[in-house]
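Quick notes on the structure that follows.
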Amino acid sequence: MNIFPRFVLCSLLVILISCASNKTSTIVGFDYNEKDNTTDYFVFPFGSVTIPGKWNKTNYNSISRQQFFKNSDSVTIAIAFVPCDKFEFNIDKSKTDFEFIKAYYDWDSHFFVSQHGLESKVLEMDSTNNYIIWKLWGKLNDEKIENYFLFGEKNCFVSNFSILSTNKWSEKEKINFLQNLHINKEY
């Protein structure tokens with residue numbers, strides 16, 4: 001059986017299962033394309049992204065829905081695709097677009113600042129392309145961290161891209177990498 005009929009069959013199955021329950025079923029995929037030197041990751045129906053370079057899947061955090069990846073330089077990134085109504089501050093879907101992104105940043109950064117004593121700073125806000133890039137730093141569990149995040153949203157589908165502490169890339173390289181992920185994602 002060729003791949004297209006399988007995909008259609010799986011998609012129909014997901015739709016039928018979704019209609020029969022309140023929980024949305026997902027199909028998760030991951031593939032390295034050696035020819036293009038890119039890694040594709042998707043969580044159907046919530047989003048997909050093409051990551052430049054070769055990345056290996058590592059841990060998965062079921063609470064935050066983040067899939068972690070590591071490259072050959074030991075740089076670790078995390079990616080999550082989530083519907084906008086899965087956040088406690090937006091169960092009613094009252095916030096969308098950039099209003100949602102700002103609320104997400106406020107909610108997430110407030111947690112880390114108030115609960116863990118970390119510091120946060122917005123590095124870039126883009127209301128046209130609907131994203132915020134921000135930085136979180138300080139000591140967490142006696143470990144120095146400096147993580148970078150990009151939160152984006154479109155049609156109530158949220159993407160959360162992050163780069164965990166690394167000195168392999170400059171701040172500018174981290175920001176460019178996150179922007180590239182945002183440009184190369186699909187909802």
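The values are calculated or read from the model by the stated rules, or taken from the named source; none is laboratory data. Predicted, not measured: the structure shown is a model, and the values here were computed from it. Heads up, the Cβs are rebuilt from the backbone with ideal geometry, glycines too, and the neighbour counts pull from every protein chain shown.
Hey, any hits in the range 146-159 for a residue that's modelled with pLDDT of 95 or more and surrounded by fewer than 19 Cβ atoms within 10 Å (Cβ to Cβ)?
yes
Go through the range 72-107 and give me each residue that's over 18 Å from K185 (Cβ atoms) and among the aliphatic types (A, V, I, L, M).
Residues satisfying the conditions are V75, I91, A103.
Yes/no per residue for (1) assigned to a helix (DSSP H, G or I); (2) at pLDDT 95 or above; (3) of a type in the set (G, A, S):
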{"site": "N59", "(1), (2), (3)": "no, yes, no"}
{"site": "S74", "(1), (2), (3)": "no, yes, yes"}
{"site": "F81", "(1), (2), (3)": "no, yes, no"}
{"site": "N90", "(1), (2), (3)": "no, no, no"}
{"site": "Q115", "(1), (2), (3)": "yes, no, no"}
{"site": "K121", "(1), (2), (3)": "no, yes, no"}
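Go through the range 76-99 and report how many residues are of a type in the set (V, I, T) and either within 22 Å of G29 (Cβ to Cβ) or touching a Pro at 6+ places or on another chain (Cβ under 8 Å) (or both).
Count: 4.
What are the residues in the range 82-114 that are under 21 Å from N129 (Cα atoms) and among the charged types (D, E, K, R), if any?
D85, K93, K95, D97, E99, K102, D106, D108
Residues are listed down the side, and each one gets a yes or a no for (1) exposed (fewer than 15 other Cβ atoms within 10 Å of the Cβ); (2) touching a Lys or Arg at 6+ places or on another chain (Cβ under 7 Å); (3) small (G, A, S); (4) closer than 22 Å to D40 by Cα:
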site: F89; (1), (2), (3), (4): yes, no, no, no
site: S114; (1), (2), (3), (4): yes, no, yes, no
site: L118; (1), (2), (3), (4): no, no, no, no
site: E143; (1), (2), (3), (4): yes, no, no, no
